[in-house]
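All remarks here apply to the structure that follows.
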Amino acid sequence: MKKQILAGVLSATMVVGMGGVSVFAADDADDKTYNIGICQLVQHEALDAATQGFKDAITEELGDKVTFDEQNAQGDSNTCSTIITDFVSDNVDLILANATPALQAAAAGTADIPILGTSVTEYGVALDLDDFDGTVGNNISGTSDLAPLEDQAAMLNELFPDAKNVGLVYCSAEANSQYQVDTVKAALEKLGYTCEYYAFSDSNDLSSVATTAATESDVIYLPTDNTVASNTEIINNICLPEKVPVIAGEEGICEGCGVATLSISYYDLGVATGKMALKVLVDGEDISKMPIEYAPQFTKEYNPEICKELGIEVPDDYVAIGADAEEETSKDDADAADDTTEKTTEEAE
């Protein structure tokens, strides 16, 4: 009888103990925090927007349960490798690699920590994958900023049908820039243009290369190139006085030195990447099976200031860069004015 009573007591104790473990496990799950390392190649408008969108999407879901270790490589791929090494040492939960050199450094730095790329044009090219089918596999996935390059070539033809020579200006150190200009060159040559490559190795020789391109070209095409994006003022100071229009691969470059672009929202691209991160960290999805995601829409945009300077008229389906932001600001100002009026009326009553 005593043995039965003792057995009952032990059983009850085990149930209570197991119940306690279960409660603590649930509490631990609820209290789980995440540390995400962000390696951004360089500071410019497009990459900054992608990083911000990524952070906003995750913070909206996790609040203060996530911390970001945000590092900028200042355009140096070797610094990307150093940053990734630090992330691996810190055993971060996930790495955001913003731009191709950051992705390449992350891929070389760890095969275990989940890696999401963003602002990467073509993953097969960036990671030297011969059989890339849309899914990288292993510990890597992400989002692509690849625009329909043939449509960008068609845009150039729409705006400058009488041009003959197109200069393709890009950084030879960026593999995805080479991919873009190769694709655009093929498309433009089918349309009857003569195309010439003007490659520079880094920002130090950008000015001389751009000067040569502006002298020899009727129109210049700039891909989504990070070195170009960080030095649009140099290009604008060369091309604008020469009256040579620039078609740009993305909005930030166009705003700095271009006349038109077929571009995406890099902020929205970052948001999409953040949602992928939540699937990996919170939902436990297998990153190796997650295909690369692409921007859902592209917008024909133009730079009103440079177009006016060059006397270029764009079709009605083009949107002025910054127009949406200006409309939103005007709306906010109008709402604020309404609020002030209502408040003044209430006080008077």
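For residues that are over 10 Å from residue 84 (Cβ atoms) and within 17 Å of the chain's Cα centre (by Cα), scanning just segment 104-123, find the one that is most open to solvent (accessible area, probe 1.4 Å).
Result: 122.
Residues checked against (1) under 22 Å from the mean Cα position of the chain (by Cα); (2) among the aliphatic types (A, V, I, L, M); (3) open to solvent by less than 10 Å² (accessible area, probe 1.4 Å):
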{"site": "90", "(1), (2), (3)": "no, no, no"}
{"site": "97", "(1), (2), (3)": "yes, yes, yes"}
{"site": "159", "(1), (2), (3)": "no, yes, no"}
{"site": "167", "(1), (2), (3)": "no, no, yes"}
{"site": "199", "(1), (2), (3)": "no, yes, no"}
Residues satisfying the stated conditions in segment 258-286, i.e. within 18 Å of residue 119 (Cβ to Cβ), assigned to a helix (DSSP H, G or I) and open to solvent by 10 Å² or more (accessible area, probe 1.4 Å): 266, 267, 268, 271, 272, 275
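Looking at this structure, is residue 222 under 17 Å from residue 46 (Cα atoms), touching a residue at least 40 places away in the same chain (Cβ under 8 Å) and among the hydrophobic types (A, V, I, L, M, F, W, C)?
Working: under 17 Å from residue 46 (Cα atoms): yes; touching a residue at least 40 places away in the same chain (Cβ under 8 Å): yes; among the hydrophobic types (A, V, I, L, M, F, W, C): yes.
Yes, satisfied.
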Output for segment 29-51, where each listed residue is farther than 15 Å from residue 116 by Cβ and part of a helix (DSSP H, G or I): 29, 30, 45, 46, 48, 49
Search result, residues across segment 64-105 that are assigned to a helix (DSSP H, G or I), free of Cβ contacts under 8 Å to residues at least 12 places away in the same chain and within 26 Å of residue 225 (Cα to Cα): 78, 79, 82
Qualifying residue in segment 125-132 (condition: among the aliphatic types (A, V, I, L, M), crowded, with 24+ Cβ neighbours inside 10 Å, in contact with a helix residue (DSSP H, G or I) (Cβ under 6 Å, 6 or more places away or on another chain) and not in a helix (DSSP H, G or I)): no
Test: residue in segment 203-211 that is closer than 20 Å to residue 161 by Cβ and open to solvent by 10 Å² or more (accessible area, probe 1.4 Å): no
Residue that is farthest from residue 193 (Cα to Cα), among those in segment 137-155 that are assigned to a loop (DSSP other than H, G, I, E, B) and open to solvent by 30 Å² or more (accessible area, probe 1.4 Å): 138
Condition check for residue 344: over 28 Å from residue 220 (Cα atoms), open to solvent by less than 20 Å² (accessible area, probe 1.4 Å) and either hydroxyl-bearing (Ser, Thr, Tyr) or at pLDDT 95 or above (or both): no
Residue in segment 320-327 that is open to solvent by less than 20 Å² (accessible area, probe 1.4 Å) and either modelled with pLDDT of 95 or more or under 21 Å from residue 56 (Cβ atoms) (or both) present: no
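The values are calculated or read from the model by the stated rules, or taken from the named source; none is laboratory data. Predicted model only: the values in this text are computed from it and were never measured. Methodologically, a virtual Cβ is constructed for each residue, glycine included, from the backbone with ideal geometry; neighbour enumeration extends over all protein chains shown. Ligands, DNA and RNA are excluded from the accessible area calculation, which covers all protein heavy atoms including side chains. Shrake-Rupley method; radii C 1.70, N 1.55, O 1.52, S 1.80 Å.
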